[in-house]
Amino acid sequence: MNVGVCYAEMDRQLWMRLEVPDDSTIEQAISLSGVLAMYPDINLAQQKVGIFGKIQSLDTPVKEGDRVEIYRPITADPQQVKRRRR
């Protein structure tokens, strides 16, 4: 089955499509993608993951066409950022 895996840092983004076995989980899709080797700072024990913007657990099964996302920790308070823009 075909799924996407994406991860974004502040200055660059990774988006890839790959074939995974039909009974794959989010964790397996991430492992098969090779993103953990490209970004060794990713820690799946601490970082949240999801599908199409909805947070999921690592053992959630993926479906055809899903976009698996690895989320970075928030480094700035969204309210403070909003105030600085004014």
Subject >> From Arg12, Arg72, Arg84, Arg17, residue being at pLDDT 95 or above and of a type in the set (Lys, Arg) >> reply: Arg17
Original post:
Does Asp59 fit the bill of being loosely packed, with under 10 Cβ neighbours inside 10 Å and either out of contact with any strand residue (DSSP E or B) (no Cβ under 8 Å at 6 or more places or on another chain) or within 15 Å of Arg72 (Cα to Cα) (or both)?
Top reply: no
**OP:** Report yes if some residue within segment 29-41 is part of a loop (DSSP other than H, G, I, E, B), touching a residue at least 12 places away in the same chain (Cβ under 8 Å), among the hydroxyl-bearing types (Ser, Thr, Tyr) and under 18 Å from Asp66 (Cα atoms); otherwise report no.
**Re:** no
**OP:** Scan segment 5-25 for residues that are touching a Leu at 6+ places or on another chain (Cβ under 9 Å) and closer than 16 Å to Lys48 by Cβ and jot them down.
**Re:** Val5, Cys6, Tyr7, Ala8, Thr25
**OP:** Within segment 1-21, identify whether any single residue is without any contact (Cβ under 8 Å) to a residue 24 or more places away in the chain and in a helix (DSSP H, G or I), and answer yes or no.
**Re:** no
Original post:
Would you pick out the residues in segment 1-31 that are out of contact with any Gly (no Cβ under 7 Å at 6 or more places or on another chain), of a type in the set (A, V, I, L, M, F, W, C) and farther than 14 Å from Pro61 by Cβ?
Top reply: Val5, Cys6, Ala8, Met10, Leu14, Leu18
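The values are calculated or read from the model by the stated rules, or taken from the named source; none is laboratory data. Computed from a predicted model, the values in this text were never measured in an experiment. No Cβ is skipped: glycine too gets one built from the backbone with ideal geometry, and neighbour counts run over all protein chains shown.
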